[in-house]
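Undergrad: Take a look at the following structure, please.
Quick note: the coordinates plus some simple rules give every number you see, no bench work behind them. Since this is a predicted model, take the numbers as computed values, not measurements. Note that we place each Cβ from the backbone using ideal geometry, even for glycine, and neighbour counts take in every protein chain shown.
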Amino acid sequence: MEQYRIHFPQKLIPKQHILEHHVIPHIKRFGFGVGLLGEQGTEASHQSISKITNRAFGINEGLEKLDPLAVSPALRNAPKVKLRQEREKGATPI
């Protein structure tokens, strides 16, 4: 980014703004990049989503259904959260 600013001081491209103002703070806060949130990851996870949806089929309560559908998969992909859960269980992280 520094080199780009040196050579093009008056130009700010959207990707540069996203990297500097959104991606870097996200990495600092959550400990992982935005690749897990991208379209490619979403497309690759259709099979997992189908399995999770089937697992939650019999759950009638809205908030209870939310955990297997959204919360648990998100936590499985967040390294800091995963590490904390392993520590709480007393497991040794790999």
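Undergrad: Report the calculated FRET efficiency for Ile49 and Ile13 (r = Cβ-Cβ distance, R0 = 35 Å), to the nearest 0.05. It would help to have the intermediate numbers written out before the result.
TA: Values: r = 33 Å, r/R0 = 0.95.
Computed FRET efficiency for Ile49 and Ile13 comes out at 0.55.
Undergrad: Quick one: net charge of Tyr4's neighbours, Cβ under 14 Å, K/R +1, D/E -1?
TA: Net charge in that neighbourhood comes out at +1.
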